[in-house]
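Asker: Supplied in structure tokens, the structure appears directly below.
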Amino acid sequence: MGIHNSDDISAAAFVIKNPTIKFTKLFINGEFVDSISGKTFETKDPRTGDVITRVAEGDKEDVDLAVKAARQSFDHGPWPRLPGSARGRIMMKFADLVEENVEELAALETLDAGKLFSVNKARDIPHAASSLRYYAGAADKIHGEVLKMSRELHGYTLQEPIGVVGQIIPWNYPSVMFFLKVSPALAAGCTMIIKPAEQTPLTALYYAHLAKLAGIPDGVLNVVTGLGSNAGAAISSHMDIDAVSFTGSTEVGRKILQAAATSNLKVVSLELGGKSPLIIFEDADVDIAADLALFGALYNKGEICVASSRVYVQEGIYDEFVKKLVKKAKAWVVGDPFDPKVQQGPQVDKMQHEKVLSYIEHGKREGATLLTGGRSLGEKGYFIEPTIFSDVNEEMLIAKDEIFGPVMALAKFK
């Protein structure tokens, strides 16, 4: 096992085409603008740790500007007043533009997040377009109800857009999560401020550009790049944002809920961490079970909230399962995510890389048995070997905490 060396295959097998970085400024009221402070932050290539570019660092003042634009657009602009079918047509155009630029978007996401280019191109970016189309179809199907009254009164319910929404996007699925949040809000007629993760801001800014090309009116979709502690906190506590949606860590989710409660009691939607168990019984096909367990733990380099990172195997097949699992893990290819033969790219950034390695050290110290992996790979970049621990008990940190990396905790049950 090791970094997959591209010299081992023909030079024509894959060509790394680093995309040109076109958009690095905040997108507010239909324009790309510098942050008020003029500050910028680095976004890095996790394959090497090198800086890709500098991106505008939005702060509370920039969030205020974006909210003002979104509020004006919601209270006085055309978007919430359009027929649902008209919003749907514009959203369909937006989806077409996403698909037309799939190659560039997939490459941007690989460069910024270390995700596999082949998967971005075949799954993530098409999935983003599909989300837009799905909700475009829902835009003219938002119905209230007529109520049968007991007296001579007319009673009905009316579904209305909630208003200005804040959307805070995680770094593990930048494109998929962007559209899972933006699409229903657009369909409903809301206006929005989107804050992508500071680790992966590049595709969100590209989507803002495509939204404008698709005909989404100015002020409807605003993107403020910046740090969670500044821009994210400003969105969560803003008095003129009506709802906030966040996907990310449980720790940050708690802060957002508190900020919403102490500000204007805005509606909050949270999708937080997980520690999903995979339970394998004796009647399972051991070969298929080993494949699925490995895929469930290592897909997207383990940076996924539904990773099957703790695996429970019935004792009758445990030994056979472990043997097959370890063999498959040792054959798992880690390397440059632009290479189509690679199955696992680098962790998203240095901090995540170090966090995963620290959990591996915890596993060793607490007495779990390291079956394979456990080390950083390569001299640069944030690569980690697929790692499997056995003899894991429920009190160990690696069995309780979401690691968000290529680490599996294995246990036997009767």
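Asker: Looking at the range 383-396, I want the residues that are under 22 Å from residue 345 (Cβ atoms) and have a partner that is of a type in the set (Lys, Arg) and assigned to a loop (DSSP other than H, G, I, E, B) with Cβ atoms under 7 Å, at least 6 apart or on another chain. Which pairs are those?
Answerer: 385/375
Asker: As an exercise: evaluate residue 347 against (1) in contact with a His (Cβ under 9 Å, 6 or more places away or on another chain); (2) within 15 Å of residue 291 (Cα to Cα) and give the number of the one condition it does not meet.
Answerer: Looking at each condition in turn, residue 347 falls short on (2).
Asker: Another question about this same structure. Counting residues that are open to solvent by 50 Å² or more (accessible area, probe 1.4 Å) and at pLDDT 95 or above, which helices (runs of 4 or more DSSP H) fully inside the range 224-305 reach at least 1?
Answerer: Here the list reads 250-262, 286-298.
Asker: Inspect all residues belonging to the range 128-136 and state whether any of them is in a helix (DSSP H, G or I) and basic (Lys, Arg).
Answerer: yes
Asker: Would you confirm whether or not the range 208-224 contains a residue that is in contact (Cβ under 8 Å) with a residue 12 or more places away in the chain, more than 25 Å from residue 106 (Cβ to Cβ) and of a type in the set (Gly, Ala, Ser)?
Answerer: Looking through the range 208-224, at least one residue is in contact (Cβ under 8 Å) with a residue 12 or more places away in the chain, more than 25 Å from residue 106 (Cβ to Cβ) and of a type in the set (Gly, Ala, Ser).
Asker: On to the next question. What are the residues in the range 144-178 that are open to solvent by 30 Å² or more (accessible area, probe 1.4 Å) and either among the hydrophobic types (A, V, I, L, M, F, W, C) or assigned to a strand (DSSP E or B) (or both), if any?
Answerer: Correct list: 146, 147, 149, 153, 156, 158, 162, 171.
Asker: Continuing with this model, one more query. Tally the residues that are in contact with an Asp or Glu (Cβ under 9 Å, 6 or more places away or on another chain) and not in a helix (DSSP H, G or I), restricting the search to the range 357-376.
Answerer: 9
Asker: Just one of the numbered conditions (1) modelled with pLDDT of 95 or more; (2) under 27 Å from residue 52 (Cβ atoms) is not true of residue 316; which one?
Answerer: Going through the list (1) modelled with pLDDT of 95 or more; (2) under 27 Å from residue 52 (Cβ atoms), residue 316 breaks only (2).
Asker: So is residue 316 in a loop (DSSP other than H, G, I, E, B), outside the structural domain of residue 106 (by the TED database) and surrounded by fewer than 19 Cβ atoms within 10 Å (Cβ to Cβ) or not?
Answerer: no
Asker: Could you count how many residues in the range 179-222 are part of a helix (DSSP H, G or I), out of contact with any Ser or Thr (no Cβ under 9 Å at 6 or more places or on another chain) and either farther than 20 Å from residue 62 by Cβ or outside the structural domain of residue 123 (by the TED database) (or both)?
Answerer: Residues meeting the conditions: 6.
Asker: Still on this structure, please answer the following. In the list 103, 109, which residue meets the criterion of being in a helix (DSSP H, G or I) and surrounded by 16 or more Cβ atoms within 10 Å (Cβ to Cβ)?
Answerer: From the options 103, 109, the qualifying one is 109.
Asker: Sticking with this structure for a sec: From the list 212, 181, 141, 115, which residue is over 24 Å from residue 68 (Cα atoms) and open to solvent by 10 Å² or more (accessible area, probe 1.4 Å)?
Answerer: Among 212, 181, 141, 115, only 141 is over 24 Å from residue 68 (Cα atoms) and open to solvent by 10 Å² or more (accessible area, probe 1.4 Å).
Asker: Could you tell me which of the residues 379, 354 is open to solvent by 20 Å² or more (accessible area, probe 1.4 Å), modelled with pLDDT under 95 and not in a strand (DSSP E or B)?
Answerer: It is 379.
Asker: Got at least one residue in the range 45-58 being in contact (Cβ under 8 Å) with a residue 60 or more places away in the chain, surrounded by fewer than 18 Cβ atoms within 10 Å (Cβ to Cβ), over 30 Å from residue 138 (Cβ atoms) and among the acidic types (Asp, Glu)?
Answerer: no
Asker: Can you tell me which residue is farthest from residue 206 (Cα to Cα) among those in the range 2-50 that are at pLDDT below 60 and touching a strand residue (DSSP E or B) at 6+ places or on another chain (Cβ under 7 Å)?
Answerer: Checking each candidate, the answer is 2.
Asker: Condition test on residue 322, is it in contact (Cβ under 8 Å) with a residue 40 or more places away in the chain, open to solvent by 20 Å² or more (accessible area, probe 1.4 Å) and of a type in the set (A, V, I, L, M)?
Answerer: When the stated conditions are applied, residue 322 passes them.
Asker: Please specify each residue of the range 17-52 satisfying the condition of being of a type in the set (D, E, K, R), outside any loop (DSSP other than H, G, I, E, B) and farther than 21 Å from residue 348 by Cα.
Answerer: Within the range 17-52, 31 is the sole residue that qualifies.
The values are calculated or read from the model by the stated rules, or taken from the named source; none is laboratory data. Please read these numbers as outputs of a predicted model, since none were measured by experiment. Using ideal geometry, Cβ is built from the backbone for each residue, glycine included, and neighbour counts are taken over all protein chains shown. Heads up: the accessible areas ignore ligands, DNA and RNA and are worked out on the full protein's heavy atoms, side chains in. Shrake-Rupley method; radii C 1.70, N 1.55, O 1.52, S 1.80 Å.
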